[in-house]
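K.L.:
Structure below; questions to follow.
The values are calculated or read from the model by the stated rules, or taken from the named source; none is laboratory data. Keep in mind the model is a prediction, meaning the values are calculated, not measured. For neighbour counting, all protein chains shown are included, and Cβ atoms are generated from backbone atoms with ideal geometry for every residue, glycine included.
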Amino acid sequence: MTATVVLFWVFAGIALVSAALCISRRSPLASALWLVVTLFALSAVYVALDAQFIGILQVLVYAGAIMVLFLFVIMLLNLGRGGPSDLKGPAGLAIAALLGGALFVQLRALPGAGPPALIRLPEGTMAALQEQQGMVQTVARPLFSDYLIPFEITSILLLAAVVGAVVLAKRKL
Amino acid sequence: MTGHPTDLLWLVPALPLAGFLVNGTLALTRPGAKAAVSVVGVGVLAAAFGVAAWIVAGMGHGEAAPEILRYWTWMPVGTLSVDVAFQLDQLSAVMLLVVTGVGALIHLFSVGYMRADAGYARYFAYLNLFVFFMLVLVLGANFPLLFVGWEGVGLCSYLLIGFWFGEKVNADAGKKAFIVNRIGDVGFLAAMLLMWRHLGALDFATVFERAPATLALGGTAVTAITLFLFQGCAGKSAQIPLYTWLPDAMQGPTPVSALIHAATMVTAGVYLVARTNVLFAMAPVSSAVVAGVGALTALFAATIALKQWDIKRVLAYSTVSQLGYMFLGVGTGAYAAGIFHLATHAFFKALLFLGSGSVIHAMHHALHAAHTHEDPQDMRNMGGLRRHLPWTFALMWIATLAIAGIPPFSGFFSKDEILAAAFARGHDAPLWYLFWGAGAVAALLTAFYMTRMMLYTFHGPNRTGERAEPHLHEAPWVMTGPLVVLGLLSLVGGVLNLPALVGGGQWLHHWLGPVTAGAAGFLPETHLEPGTELLLIGVAVGIALVGIGAAVRLLKPADLVPARLARPETGIGRLLWRKWYVDELYDTVIVRPLMWISRNLLWRFLDQGVVDGAGVNGAARLSRGLGWIGSRLQTGDVGLYVVVFVIGVVVVLRAVGS
Amino acid sequence: MLLGPALTVSAILFALGVAGVLLRRNAIVIFMCVELMLNAVNLTFIALAQQLGVAGHVFVFFVMAVAAAEAAVGLAIILAIYRHQETVNLQDIHLLKG
C-alpha cells in the first residue's frame, strides 16, 4: 500500500462523506461549507492521481473563487440560518434515492475495465512527460497549441459572463 | 356522293346527337322557339332515316361478312383493346330502320301532342338524345359500346318518364325505372367480365369466333354468361321479375311511351339475345330459361291487362306480354321470328300508343273545357268515341286486329311463326309444348283484353259527361298522319317474312341468315309437317276469333259507369286489378328491409357511429387527450422538470449501455 | 491501478449531486449540487488522463473556467429573481405554468 493509495482512499472518503452531508443540511450556509470541504478533498484526490497542477487550480478557482461567490450571495440574501427546511418530503426523498441509485447503477454498468487498449498510451507516458516539462508545461503546451481555439472561445465566454452578471444583477438598467 | 355508302354510317347517330345539342341549347336559352325546335327535332330524325335507308339499300343480298367501321381506340388496356366501332350487318340494319323510321313518325306526332307544353324544347332534346343512344346500342360492334348505348337509353328513359317532375308520382316512376334497370345492368356487367375472363375479348367478331372453340357446349361458363346477359335483358325489356317499372313508366308523355316503352328501348333485350345467338345456342339451359320466362311473362302480363282501367296501363301490360313472345321466339332459337315480331310489334304498338295519345289529347281538351277534374286516361270516362275520333278509331282497330293475330295483318304472321317454332321444338323437348300452351292462352287473353279496350273506349254510350262531350274532336293532321303510316305498316308488314306455306319467300328469315348462321350449328333440327303447320295456323286464328268474340259477347260497355262512381273490384278481379300485388310484395320483401338496413345499419351505425364517432371525432378526441396529457406536464415547477430529465437520462444510459 | 476506484467514487459523487438536485427546493443549494456533479465529472477526466493523455487535464481546465462563468451568471439570475419574487424557493416560482 503506497502512500498514494492511502492518500487517495482517505481523501476520497472525506469527499464522499462531506458530499452526502452537503446535500442533506438544512441550512444553505452549512451546505456551502460542506461543499468547500468536498472540493478540498477532491483537490487532494487529484494530487494522488498525478494531477498536481489541476489540484492547485481546484483550490484556487473552485474553492477560492466560485464558492466565495456562493457564500457572498447566500449572505446577501440572508439565507444563512432559520426559515423552513427546503428539503422535500418523504415522497421526494424516495424519488431522489431511487433515481440517484438507478443512475449510479447505470454509471457503474458502463465498461469499468477502463478504456480499450487501442487508445491507451504506453505505461508511464504521462509521468515521463511531467518529469520532462514540469507540471505546468504539460498542461500549458497543449492548451496554447492544440487547444488554442477553445481557449480563446473560453475567454470570450468569460467576458460574456462578466457582462451578463453585471447587467442581470443591477437594480436599474 | 362518293365512296361507299357505309362511309356515312356515322352520320346516322350523329344527326340525332346534333339535334340534342341544338335543342338542348334552345331549351336553356330560348325555350319559346317552338318552331325551330320542331324543325330541328323532326328534321334530324327524318334525315337519319333517309341516310339509313340509303345505306341499307346499298347492302347487297346475302353479304356474309359484317362490315365493321372503326373510328377510334377507346380503351387500350393491357391485352384488351376496346374501340369505338360500328358494325353494320343485316340485324343492325333492321334495327336501324325500325328505330329511325318509327322514331321519325313519333317525333312528328309529338309536335302536335306536346304543342302546349312549356318544356317543348327540353322534350325534343331528350327525345333526340334517346335516339342517338339507341342507335349507338344497335350499331355498336362490341359489348362495352353497346353498354354505353344501353345505359344511355336508360338515362333518357328516366329523364322522359319524369318529364313532368313537378309531381312526385312522375319523378318516382322515373326513379323506379332507372333503379330496376340498374339491377338488370349488374348482370350485363357480370356477363362482360366473365366473357373477358374466358374469351379475352369483348368485340362481337372475336367473341363469337372464340366461343365455340374455347367454351364447352352447355358448360358452366357459357351458361353463366348467357344467364347474366339475360338478367340485363330482363331489366331492360321488362320481363319477370324486373317488369314492374314499365307500367309505372306510363307517367311520361304518351309519345315517349310509344317510342321508348314499346318500339325501341324495351326491345334492346331482344336485340341483345339475337346478337349473341351463338352464345345462347351453345347454352341450352339458358335458352330454355329465356323461352320459359318469356312465355310466363306473356301469360302473366296478359292476365293483369284484363282488369286495368287506365288505357295506357292496358297497353303497358300488353307490351310486357308481347315482349315475352319475342323472348319465347329467340329462346327457342327462332331468332328471325323474334326480330320479325319486334318489327311488327313496333308498328302496331306504336300505333296503339299514339292512338291512345290522340284519345287522351281529345279527352284532356274536353275535360279542361268542362272544368272537371276527371282522369282523361280512365276508360270508364270514355265510351262512344268512334263518333268523335273516326280516324283514330279505324286505325286503332287495325292495330288491335294485328296484335290479336288475325290474318292478313302483320301481327298474325310474326306471332304465328314464334308459336310454330315453339311447337316444333316440343318434339325434341316436351317442355316446349308447355311454353307453346302458355303462349296460346296468352294469345287468347290478348285478343280479349284488346277488344275490351276498344269496346270501352270507342263503342257504346259516352260517359265523359254532357258538358265535355261536345268538345271531343279528332287530332290535327300532324298527329293523325303518323297514325296512318303506322296503320299501313301494321296492315302489310307481314310481307317481310311470309311463311312458305302461303307461298312467301321468308324474306327476313333468309336475310338474317348470315347473322344467325353461327347458332345454327348448335340448335336441334326442327321440322314441321305442312299438315301440322296448317293446323297450328288454324288453332291460332281460332283462338284470336274466340277471344274477340268472347269480349264482344261478355262485356257490355253500356253497364259501365264513370270512374268516380265506380265501385272497387272484388275477388279475382281485385287480384288482377292490383297486379297480383307484386309491387307490394317487392316493397315488403326487398325495399323495406333495404331501407331499414340503410338507415339503421349503414347510416346510424357505420356512418355516424363508426366513421364519424370512432374515426373522425375519435381521432380528434385522441389528439385532445394527448394534448391534455402534454399540458398537464407543463406545471412550471422546475422540480418536476428535473425529475423527468433524470428519468430520461437513466433510460438513455440503459439504452446506450446495453 | 486506481482507475476503477476513482471511477466508482466519481459515479457516487455524481449520483449524490443528482439526488441533491431532486431533493432540494432552494435554488442556491440546487446550484451547489450541480457544481458537485461538475466536480465528479472532473474526477473522471483526471482518472482517465493517466491512461489517455494530457487532454483530460486540459478539459478539466476548461470545465473549471466554464463553471466559473456559469456560477457568476446563474447567481446573478437568482439575485434578480429574488428581487422580483422575494423568494428563491423553486416551488414558489412557476411563471411558466402552462
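K.L.:
Do the conditions hold for A:Phe8, that is, is it of a type in the set (Phe, Trp, Tyr), without any contact (Cβ under 8 Å) to a residue 24 or more places away in the chain, surrounded by 16 or more Cβ atoms within 10 Å (Cβ to Cβ) and not assigned by TED's automatic domain parsing to the domain that holds A:Val162?
P.N.:
Values: of a type in the set (Phe, Trp, Tyr): yes; without any contact (Cβ under 8 Å) to a residue 24 or more places away in the chain: no; surrounded by 16 or more Cβ atoms within 10 Å (Cβ to Cβ): yes; not assigned by TED's automatic domain parsing to the domain that holds A:Val162: yes.
Here the answer is no, as A:Phe8 does not meet what is asked.
Each row is one residue, and each column tells you yes or no for (1) within 14 Å of another protein chain (Cβ to nearest Cβ); (2) farther than 30 Å from B:Tyr243 by Cβ.
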{"position": "B:Asp587", "(1), (2)": "no, no"}
{"position": "B:Ile597", "(1), (2)": "no, no"}
{"position": "B:Gly615", "(1), (2)": "no, yes"}
{"position": "B:Ala620", "(1), (2)": "no, yes"}
{"position": "B:Ser631", "(1), (2)": "yes, yes"}
{"position": "B:Thr635", "(1), (2)": "yes, yes"}
{"position": "B:Tyr641", "(1), (2)": "yes, yes"}
{"position": "B:Leu653", "(1), (2)": "yes, yes"}
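K.L.:
Of all residues in region C:1-17, count the ones that are more than 7 Å from chain A (Cβ to nearest Cβ) and either within 16 Å of the chain's Cα centre (by Cα) or at pLDDT 95 or above (or both).
P.N.:
Looking only at that region, the number is 2.
K.L.:
Go over the candidates B:Leu534, B:Leu575, B:Leu488 one by one and state the one that is surrounded by fewer than 18 Cβ atoms within 10 Å (Cβ to Cβ), under 19 Å from B:Leu419 (Cβ atoms) and either touching a strand residue (DSSP E or B) at 6+ places or on another chain (Cβ under 9 Å) or modelled with pLDDT of 80 or more (or both).
P.N.:
Working: B:Leu575 fails: under 19 Å from B:Leu419 (Cβ atoms); B:Leu488 fails: under 19 Å from B:Leu419 (Cβ atoms).
That would be B:Leu534, the only listed residue that is surrounded by fewer than 18 Cβ atoms within 10 Å (Cβ to Cβ), under 19 Å from B:Leu419 (Cβ atoms) and either touching a strand residue (DSSP E or B) at 6+ places or on another chain (Cβ under 9 Å) or modelled with pLDDT of 80 or more (or both).
K.L.:
Okay, moving on. Out of curiosity, is A:Ile23 at the interface with chain C (Cβ under 7 Å from one of its Cβ atoms) and part of a helix (DSSP H, G or I)? Working first, answer last.
P.N.:
Details: at the interface with chain C (Cβ under 7 Å from one of its Cβ atoms): yes; part of a helix (DSSP H, G or I): yes.
Yes; evaluated as a whole, the condition is true for this residue.
K.L.:
Only one of these conditions is not met by C:Ala27: (1) over 21 Å from C:Thr8 (Cα atoms); (2) among the small types (Gly, Ala, Ser); (3) away from chain B (no Cβ under 13 Å). Which number is it?
P.N.:
If we test C:Ala27 against (1) over 21 Å from C:Thr8 (Cα atoms); (2) among the small types (Gly, Ala, Ser); (3) away from chain B (no Cβ under 13 Å), just (3) comes out false.
K.L.:
Shifting gears a bit: Say whether the condition of being closer than 30 Å to A:Ser85 by Cβ and hydrophobic (A, V, I, L, M, F, W, C) is met by at least one residue in region C:50-68. Steps first, please.
P.N.:
Initially, region C:50-68 is screened for residues closer than 30 Å to A:Ser85 by Cβ, giving C:67-68.
Applying the additional criterion that residues be hydrophobic (A, V, I, L, M, F, W, C) yields C:67-68.
Yes - at least one qualifying residue is present in region C:50-68.
K.L.:
Any idea which residue in region B:148-158 is farthest from B:Val82 (Cα to Cα), counting only those that are among the hydrophobic types (A, V, I, L, M, F, W, C) and surrounded by fewer than 21 Cβ atoms within 10 Å (Cβ to Cβ)?
P.N.:
Step one: filter region B:148-158 for residues among the hydrophobic types (A, V, I, L, M, F, W, C), giving B:148, B:150, B:153, B:155-156.
Now drop any that are not surrounded by fewer than 21 Cβ atoms within 10 Å (Cβ to Cβ), which leaves B:148, B:155.
Numbers: B:Val148: 12, B:Leu155: 23 Å.
Going through the qualifying residues, I end up with B:Leu155.
K.L.:
The conditions are (1) over 25 Å from B:Pro255 (Cα atoms); (2) buried (at least 21 other Cβ atoms within 10 Å of the Cβ); (3) touching a Phe, Trp or Tyr at 6+ places or on another chain (Cβ under 9 Å), and B:Leu296 fails exactly one of them. Which is it?
P.N.:
All conditions pass for B:Leu296, except number (2).
K.L.:
Counting residues that are hydroxyl-bearing (Ser, Thr, Tyr), which helices (runs of 4 or more DSSP H) fully inside region B:409-526 reach at least 1? Working first, answer last.
P.N.:
Working: elements: B:410-425, B:431-458, B:477-492, B:507-511, B:513-520.
Ranges flagged: B:410-425, B:431-458, B:477-492, B:513-520.
K.L.:
How many residues are among the hydrophobic types (A, V, I, L, M, F, W, C) and within 11 Å of the chain's Cα centre (by Cα) if we restrict to region C:18-65?
P.N.:
First pass over region C:18-65, keeping only residues among the hydrophobic types (A, V, I, L, M, F, W, C): C:18-19, C:21-23, C:27-34, C:36-38, C:40-41, C:43, C:45-49, C:52, C:54-55, C:58-65.
If we keep only those that are within 11 Å of the chain's Cα centre (by Cα) as well, we get C:18, C:21, C:29-34, C:36-38, C:40-41, C:63-64.
Residues meeting the conditions: 15.
K.L.:
List every residue pair whose Cβ atoms lie under 6 Å apart, where the two residues are 6 or more positions apart in sequence or sit on different chains, the first residue falls within region B:374-392 and is within 15 Å of B:Gly355 (Cα to Cα) and of a type outside the set (A, V, I, L, M, F, W, C), and the second residue, located anywhere, is at pLDDT 85 or above and assigned to a loop (DSSP other than H, G, I, E, B).
P.N.:
Sorted first by the residue in region B:374-392, then by its partner, the pairs are B:Asp378/B:Trp309.
K.L.:
When the residues of region B:163-173 are filtered to those that are more than 17 Å from B:Lys236 (Cα to Cα) and in contact with a helix residue (DSSP H, G or I) (Cβ under 7 Å, 6 or more places away or on another chain), which remaining residue is surrounded by the most Cβ atoms within 10 Å (Cβ to Cβ)? It would help to see each step written out before you state the result.
P.N.:
Taking region B:163-173 and keeping what is more than 17 Å from B:Lys236 (Cα to Cα), we get B:163-172.
Of the ones still in play, those that are also in contact with a helix residue (DSSP H, G or I) (Cβ under 7 Å, 6 or more places away or on another chain) are B:163-165, B:169-170.
On the way: B:Phe163: 22, B:Trp164: 14, B:Phe165: 15, B:Val169: 10, B:Asn170: 17.
Among those that are more than 17 Å from B:Lys236 (Cα to Cα) and in contact with a helix residue (DSSP H, G or I) (Cβ under 7 Å, 6 or more places away or on another chain), it is B:Phe163.
K.L.:
Tell me yes or no: at least one residue of region C:21-29 is of a type outside the set (Val, Ile, Thr) and touching a Phe, Trp or Tyr at 6+ places or on another chain (Cβ under 8 Å).
P.N.:
The initial filter retains those residues of region C:21-29 that are of a type outside the set (Val, Ile, Thr), namely C:22-27.
Add one more test, that the residue is touching a Phe, Trp or Tyr at 6+ places or on another chain (Cβ under 8 Å), and what stays is none.
Taking every residue of region C:21-29 in turn, none turns out to be of a type outside the set (Val, Ile, Thr) and touching a Phe, Trp or Tyr at 6+ places or on another chain (Cβ under 8 Å).
K.L.:
Could you tell me which of the residues B:Gly162, B:Gly184 is farther than 15 Å from B:Ile260 by Cα, out of contact with any Phe, Trp or Tyr (no Cβ under 7 Å at 6 or more places or on another chain) and among the small types (Gly, Ala, Ser)?
P.N.:
On the way: B:Gly162 fails: farther than 15 Å from B:Ile260 by Cα.
Of the residues listed, the single one that is farther than 15 Å from B:Ile260 by Cα, out of contact with any Phe, Trp or Tyr (no Cβ under 7 Å at 6 or more places or on another chain) and among the small types (Gly, Ala, Ser) is B:Gly184.
K.L.:
Got a sec? Which of C:Leu52, C:Leu79, C:Leu48, C:Leu43 is touching a helix residue (DSSP H, G or I) at 6+ places or on another chain (Cβ under 9 Å), touching a residue at least 40 places away in the same chain (Cβ under 8 Å) and either over 28 Å from A:Ala91 (Cα atoms) or more than 7 Å from every other protein chain (Cβ to nearest Cβ) (or both)? It would help to see each step written out before you state the result.
P.N.:
Working: C:Leu52 fails: touching a residue at least 40 places away in the same chain (Cβ under 8 Å); C:Leu79 fails: touching a residue at least 40 places away in the same chain (Cβ under 8 Å); C:Leu43 fails: touching a residue at least 40 places away in the same chain (Cβ under 8 Å).
The conditions single out C:Leu48.
K.L.:
Of the residues A:Val17, A:Val59, which is surrounded by fewer than 20 Cβ atoms within 10 Å (Cβ to Cβ), more than 10 Å from chain C (Cβ to nearest Cβ), among the hydrophobic types (A, V, I, L, M, F, W, C) and under 16 Å from C:Leu38 (Cα atoms)?
P.N.:
Details: A:Val17 fails: under 16 Å from C:Leu38 (Cα atoms).
One residue alone meets the criteria, A:Val59.
K.L.:
Can I ask one more? Filter region A:138-173 for residues that are loosely packed, with under 15 Cβ neighbours inside 10 Å, in a helix (DSSP H, G or I) and among the small types (Gly, Ala, Ser) and give the result.
P.N.:
A:Ser155, A:Ala160
K.L.:
Return the residues of region C:82-98 that are surrounded by fewer than 17 Cβ atoms within 10 Å (Cβ to Cβ) and more than 14 Å from chain B (Cβ to nearest Cβ); say none if nothing qualifies.
P.N.:
Within region C:82-98, C:Arg83, C:His84, C:Glu86 qualify.
K.L.:
May I ask you to list the residues in region B:398-408 that are assigned to a helix (DSSP H, G or I) and either in contact with a helix residue (DSSP H, G or I) (Cβ under 6 Å, 6 or more places away or on another chain) or touching a residue at least 60 places away in the same chain (Cβ under 8 Å) (or both)? Walk me through it before giving the result.
P.N.:
Here is the first cut: in region B:398-408, the residues assigned to a helix (DSSP H, G or I) are B:398-404.
Correct list: B:Ile398, B:Ala399, B:Thr400, B:Ala402, B:Ile403, B:Ala404.
K.L.:
A follow-up question, please. Between residues in region A:76-90 that are more than 7 Å from chain C (Cβ to nearest Cβ) and residues that are in a loop (DSSP other than H, G, I, E, B) and at pLDDT 70 or above, which pairs lie under 6 Å by C-beta distance while being six or more apart or on different chains?
P.N.:
Pairs found: A:Arg81/A:Ser27; A:Ser85/A:Arg26.
K.L.:
While we're on this one: Taking B:Val656 as meeting all but one of (1) within 38 Å of the chain's Cα centre (by Cα); (2) of a type in the set (Val, Ile, Thr); (3) exposed (fewer than 12 other Cβ atoms within 10 Å of the Cβ), write down the number of the exception.
P.N.:
B:Val656 satisfies every listed condition except (1).
K.L.:
Something else about it: From the list B:Ala190, B:Ala201, which one is outside any helix (DSSP H, G or I), buried (at least 17 other Cβ atoms within 10 Å of the Cβ) and among the aliphatic types (A, V, I, L, M)?
P.N.:
Values: B:Ala190 fails: outside any helix (DSSP H, G or I).
Of the residues listed, the single one that is outside any helix (DSSP H, G or I), buried (at least 17 other Cβ atoms within 10 Å of the Cβ) and among the aliphatic types (A, V, I, L, M) is B:Ala201.
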